1. Output the residue which, of all residues in segment 1-20 that are small (Gly, Ala, Ser) and open to solvent by 30 Å² or more (accessible area, probe 1.4 Å), is nearest to ligand 2 (Cβ to nearest atom).
2. Which fully enclosed helices (runs of 4 or more DSSP H) of segment 44-125 have 1 or more residues being more than 16 Å from ligand 1 (Cβ to nearest atom)?
3. Mind checking which pairs have a first residue in segment 130-153 that is over 20 Å from residue 176 (Cβ atoms) and a second that is within 16 Å of ligand 1 (Cβ to nearest atom) and part of a helix (DSSP H, G or I), Cβ under 8 Å, 6 or more apart or different chains?
4. Pull out all pairs, ordered by first then second residue, where Cβ-Cβ is under 8 Å, the residues are six or more apart or on different chains, the first lies in segment 174-191 and is touching a residue at least 40 places away in the same chain (Cβ under 8 Å), and the second is within 12 Å of ligand 2 (Cβ to nearest atom).
5. Would you point out which residue out of 50, 100 is modelled with pLDDT of 95 or more and either β-branched (Val, Ile, Thr) or touching a strand residue (DSSP E or B) at 6+ places or on another chain (Cβ under 9 Å) (or both)?
6. Quick one: which of 96, 50, 23 is open to solvent by less than 30 Å² (accessible area, probe 1.4 Å), under 24 Å from residue 200 (Cβ atoms), within 16 Å of ligand 2 (Cβ to nearest atom) and not charged (D, E, K, R)?
7. Just to verify a result, which residue in segment 130-181, among those that are within 16 Å of ligand 2 (Cβ to nearest atom) and among the basic types (Lys, Arg), is surrounded by the fewest Cβ atoms within 10 Å (Cβ to Cβ)?
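The values are calculated or read from the model by the stated rules, or taken from the named source; none is laboratory data. Not measured: the values here are computed from a predicted model. Using ideal geometry, Cβ is built from the backbone for each residue, glycine included, and neighbour counts are taken over all protein chains shown. Quick note on the areas: whole protein, heavy atoms, side chains included, nothing else; ligands and nucleic acids left out. Shrake-Rupley method; radii C 1.70, N 1.55, O 1.52, S 1.80 Å.
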Amino acid sequence: SKMINLKNVSRIFRTGDIETSALSNVSFTIKQGEFIAIMGPSGCGKSTLLSILGMLDSPSSGTYEFEDADISRHSEKELASIRKASLGFIFQNFNLINELNVSENVELPLQYLKISKKERALRLDKILKRVAIDHRAYHMPHQLSGGQQQRVAIARALIINPKLILADEPTGNLDSKNGEEVMLLLKELNKSGTTVIMVTHSEKEGNFADRVLRMMDGQLIWDRSNDLNTPLV
Ligand code: ADP
Ligand code: ADP
């Protein structure tokens, strides 16, 4: 079923007298359960697109429907509540809180949800095992390798059982071995049903996705399923 429907989305940034068209007339739909890679050169609008999909930024024009609701009309409060209940974010720089240990970092998103203490502990235990970081539950972020930190960040994204994972160059700060582990983890999550949208520079990582969206100068220039030889647009 359809999860995301973007219609003619544009995003213009105004800085003094300068206008930058970061996205122009981007349209596509994403079905529940897809694994999408967004690719293209630096500055082409990938992060802007991911921010809009993650409801952290809004289109200047065009519409964004998430699960059939036109969220362009939602208030910031309504958007925040969708984000907290349904979206998981993964970043290039992990974005862990340095003063909190692994378990505390991973549990953080649960404070916004009504969940019993018992359920909280069960979920934490299960999720730390799932990303193979349970042996580091009380370590601080600086005591972990980069790959371990990203697994903690993935656990934090997963603890709410998100409908959609948004990953912005999740392997950008990892060596190839740790990067591949993160990609395999994302692939496994997707196979178990979570929709994944990932920005990447790597063609190899693009191959982990079911479908690649290529951008250039703020426009979608290519939308192709990885098992088809012909472009869809
Ligand atoms: P990418 O992620 O593909 O590198 P971005 O989405 O970050 O591209 O940026 C697309 C364009 O929009 C760039 O020209 C960038 O300079 C501009 N841009 C992005 N964010 C802002 C902002 N907050 N203010 C002004 N211009 C911005
Ligand atoms: P990797 O080989 O996966 O990149 P590292 O070489 O960074 O990992 O670390 C190897 C092991 O040592 C990891 O299990 C990590 O938890 C542990 N470790 C790394 N740095 C520290 C530290 N400053 N304090 C405690 N343990 C650490």
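1. If we take residues in segment 1-20 being small (Gly, Ala, Ser) and open to solvent by 30 Å² or more (accessible area, probe 1.4 Å), then 1 is nearest to ligand 2 (Cβ to nearest atom).
2. Values: elements: 46-53, 76-86, 102-107.
Where helices (runs of 4 or more DSSP H) fall fully within segment 44-125 and carry at least 1 residues being more than 16 Å from ligand 1 (Cβ to nearest atom), they are 76-86, 102-107.
3. none
4. From residues that are touching a residue at least 40 places away in the same chain (Cβ under 8 Å), the pairs are 185/151.
5. So the residue among 50, 100 that is modelled with pLDDT of 95 or more and either β-branched (Val, Ile, Thr) or touching a strand residue (DSSP E or B) at 6+ places or on another chain (Cβ under 9 Å) (or both) is 50.
6. Step by step, each of 96, 50, 23 is checked, and only 96 is open to solvent by less than 30 Å² (accessible area, probe 1.4 Å), under 24 Å from residue 200 (Cβ atoms), within 16 Å of ligand 2 (Cβ to nearest atom) and not charged (D, E, K, R).
7. This residue is 177.
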